[in-house]
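S.K.: First, the structure itself, so that you have it in front of you.
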Amino acid sequence: MIHVFTGPTLSPNDAALDDPALRALPPIRHGDLFDPQIRPGDTVVIIDGVYHHSPAIRHKEIIWALARGVRVIGAASIGALRAAELTECGMLGVGSVWYSYASGQLDGDDEVAVAQSTNGDLRSCTWPLVRVRRVVRAATVLGLADPVQADRLVGALADVYYAHRTLDAVMHFASREGLSTFPDWLTEVLDADEHFGDVKREDALDAIKLAHDMADVPVEPVQGLTWSTRCFRQWANRFAEQDTDSGRLPTLGRVSYQQVFDPAFKDVWWDYLSSLGVADLPRALACKVINPRTDLTDEETAARLLARETPDDRASVGEYAAVNEEARRANERFFPEAIKEDVVRDMLTGVWRTDPAGLEEEAWLRGLHGVREAVDAARPFVLGFIKDQEAAAC
């Protein structure tokens, strides 16, 4: 499968994306490569990405995908930037934008940045500087501008904030620089071809073609990239998801639900620790001193920790998340982390059938690092649990 992350460069209805072998996705953001549908042997084509209102895709996420045996191709926009930075790690770059970054001819992120509509329309509202450069170069070849005028025009537009670099701005600055015939010429060529000078689009199409051309070429994990850090494990576990009979659910949320509500999860956790070779330690001690590098993107690990999960449990995870979302819509200032700690502790003492002094020990036995982590794990379930309790009392 070829997974293509794009937006303003290739709109969702672009003919190039109308292919059953392609899975067209919105611009990539932090966490998207943990999608369970992206599997070893697949190809990811990164074209566009978010970076202003949401965290951008991290280099380490791409490296992790490469180490898993996912082919990653970058072009046109943030894909070209990341490919230029990660070529030595095995990411493939395509096109003139990528080459310009890789060779050092370009170095500014705003060369490819564009603004989009706030109403969900993925099309660009502005011109990236790389397109300005291409169009001005064509005008120079045709004798509509001399090299000095061309440099001044590109320089003037480079000083314009990327979100204000509209076609009208291009026309305005061209007129200001004395290029009197340039606006009429550009209007005419754009009427004939709306993609004229769109180097990002050209590179994106080349990247998709390369993905197709390499479809039958086996993908091997890039050697020497296997590594892990605490922050990366936190990212991976946070974004891990699986398709279930209750829809796509976060694996971490499902495991946390078991830790909080399954009376026998202590045995599940001990079986997991024992599989790591710590059975020679006393159980209570092992649960306190062993902090395994649990990887919830690993299907075997997830299955082991969810061994006792039932369909009703999965349904509850989804329902409790919906309760939180409903509360958030009713009060935009609400978020589960704001629920008072003593409310969560009261719920845990009731669910775990212990007194407040026993919460710490119970948390460790369930794979939670003390009562503070137990409170954090339980918070997303509090509103849903209270709603269920009230319904049962009626």
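We did not get these values from a lab; they are worked out from the coordinates using the rules stated. The shown structure was predicted, so the numbers you read here are calculated from the model rather than taken from an experiment. Glycine also receives a Cβ, built like all others from the backbone with ideal geometry; neighbour counts cover every protein chain displayed.
S.K.: Set Lys and Arg Cβ to +1 and Asp and Glu Cβ to -1, take the dipole of segment 242-393 about its Cα centre, and tell me which of Val260, Phe385, Pro356 lies farthest positive.
M.R.: Pro356
S.K.: Applying the Karplus parametrisation 6.51 cos²θ - 1.76 cosθ + 1.60 with θ = phi - 60° to the phi angles of segment 21-36, what ³J(HN,Hα) value in whole Hz is obtained for each residue in order, glycine and proline being reported as x?
M.R.: 3J(HN,Hα) across segment 21-36, in whole Hz: 7, 10, 10, 7, 10, x, x, 6, 9, 3, x, 5, 6, 7, 3, x.
S.K.: Grab the other residues whose beta carbon is less than 12 angstrom from that of Arg134, score K and R as +1, D and E as -1, and report the net.
M.R.: Working: positive: Arg131, Arg133, Arg137, Lys200, Arg201; negative: Glu111, Asp198, Glu202, Asp203.
Charge balance in the 12 Å sphere: +1.
S.K.: Using just the helices of the chain, give the 222 nm mean residue ellipticity in deg cm²/dmol: DSSP H runs with n ≥ 4 each add -39,500 (n - 2.57), and the total is spread over all residues, rounded to 500. It would help to have the intermediate numbers written out before the result.
M.R.: Details: 18 runs with 194 residues, N = 394.
Helices in the chain give a 222 nm mean residue ellipticity of -15000 deg cm²/dmol.
S.K.: With +1 on each Lys and Arg Cβ and -1 on each Asp and Glu Cβ, and nothing else charged, work out how big the dipole of segment 168-254 is about its Cα centre, in Debye to the nearest 20.
M.R.: Numbers: 9 positive and 17 negative charges, 213 e Å.
So the dipole magnitude of segment 168-254 works out to roughly 1020 debye.
S.K.: A follow-up question, please. Determine the relative contact order of segment 242-393: mean sequence separation of Cα pairs under 8 Å and six or more apart, normalised by residue count, in whole percent.
M.R.: Details: 136 pairs, mean separation 50.1, N = 152.
Dividing the mean separation by the residue count of segment 242-393 yields 33 percent.
S.K.: Could you order peptides 147-153, 58-64, 290-296, 200-206 by the average number of other Cβ atoms within 10 Å of their residues, highest first? Write out the running numbers ahead of the final one.
M.R.: Working: 147-153: 16.1, 58-64: 19.4, 290-296: 14.6, 200-206: 23.4.
Sorting 147-153, 58-64, 290-296, 200-206 by mean packing, highest first, produces 200-206, 58-64, 147-153, 290-296.
S.K.: Put +1 on the Cβ of every Lys and Arg and -1 on every Asp and Glu Cβ in the chain; which of Pro27, Thr126, Thr87 then has its Cα farthest towards the positive end of the dipole?
M.R.: Going by the charge dipole, the pick is Thr87.
S.K.: Let me ask you something else. Report the Stokes-Einstein translational diffusion coefficient (µm² s⁻¹, integer) for segment 129-198, Rh taken as the Kirkwood radius over Cα pairs, at 20 °C with viscosity 1.002 mPa s. Intermediate results must be reported in sequence, preceding the final value.
M.R.: Values: Rh = 11.9 Å.
Answer, rounded: 180 µm²/s.
S.K.: A follow-up question, please. At 37 °C and a viscosity of 0.692 mPa s, what translational diffusion coefficient does Stokes-Einstein give for segment 1-117, taking Rh as the Kirkwood radius over Cα pairs? Give it in µm²/s as a whole number. The partial results should precede the final answer.
M.R.: Details: Rh = 14.2 Å.
The estimated diffusion coefficient comes to 232 µm²/s.
S.K.: State, as an integer percentage, the relative contact order of the chain based on alpha-carbon contacts under 8 Å between residues 6 or more apart.
M.R.: On the way: 572 pairs, mean separation 54.1, N = 394.
It rounds to 14 percent for the chain.
S.K.: Which lysines have a Cα lying under 16 Å from the Cα of Lys200, excluding residues fewer than 8 positions away in the same chain?
M.R.: Partners within reach: Lys209.
S.K.: Provide the FRET efficiency to the nearest 0.05 for the Arg372-Ala338 pair, computing r from the beta carbons and using R0 = 22 Å.
M.R.: Numbers: r = 16 Å, r/R0 = 0.73.
That gives a FRET efficiency of 0.85.
S.K.: Let me ask another. How big is the dipole moment of segment 242-393 about its Cα centre under a simple scheme where the beta carbon of each Lys and Arg is +1, that of each Asp and Glu is -1, and everything else is neutral? Debye, nearest 20, please. Working shown, then result.
M.R.: On the way: 19 positive and 29 negative charges, 52 e Å.
Approximately 240 debye in magnitude.
S.K.: Connecting C-alpha atoms closer than 10 Å in a GNM of the chain, tell me which of Ser256, Ser124, Ser54 has the biggest fluctuation.
M.R.: For the chain, modelled as a Gaussian network with Cα springs under 10 Å, the answer is Ser54.
S.K.: Next question, about the same structure. Any idea which of Ala327, Ser274, Val343 is furthest toward the positive side of the dipole for segment 242-393, if Lys and Arg beta-carbons carry +1 and Asp and Glu beta-carbons -1?
M.R.: Val343
S.K.: Where does the Debye-calculated log10 I(q)/I(0) of the chain sit at q = 0.08, 0.12, 0.14 Å⁻¹, using only Cα point scatterers of equal weight, no solvent?
M.R.: Here the Debye-derived log intensity ratios amount to -0.57, -0.99, -1.18.
S.K.: Defining a contact as two alpha carbons under 8 Å apart and six or more residues distant in sequence, what relative contact order in percent does segment 129-198 show? Display every interim value, and only then the final one.
M.R.: Working: 48 pairs, mean separation 25.7, N = 70.
37 percent.
S.K.: Could you please report the charge total around Ala338, scoring K, R as +1 and D, E as -1 over all other residues with beta-carbon less than 15 angstrom from its beta-carbon?
M.R.: Details: positive: Arg328, Arg333, Lys340, Arg379; negative: Glu325, Glu332, Glu337, Glu341, Asp342, Asp376.
Value of the local net charge: -2.
S.K.: Give, rounded to the nearest 20 debye, the magnitude of the charge dipole that the chain has about its Cα centre when Lys and Arg contribute +1 at Cβ and Asp and Glu contribute -1 at Cβ.
M.R.: Values: 41 positive and 62 negative charges, 170 e Å.
That gives a dipole near 820 debye.
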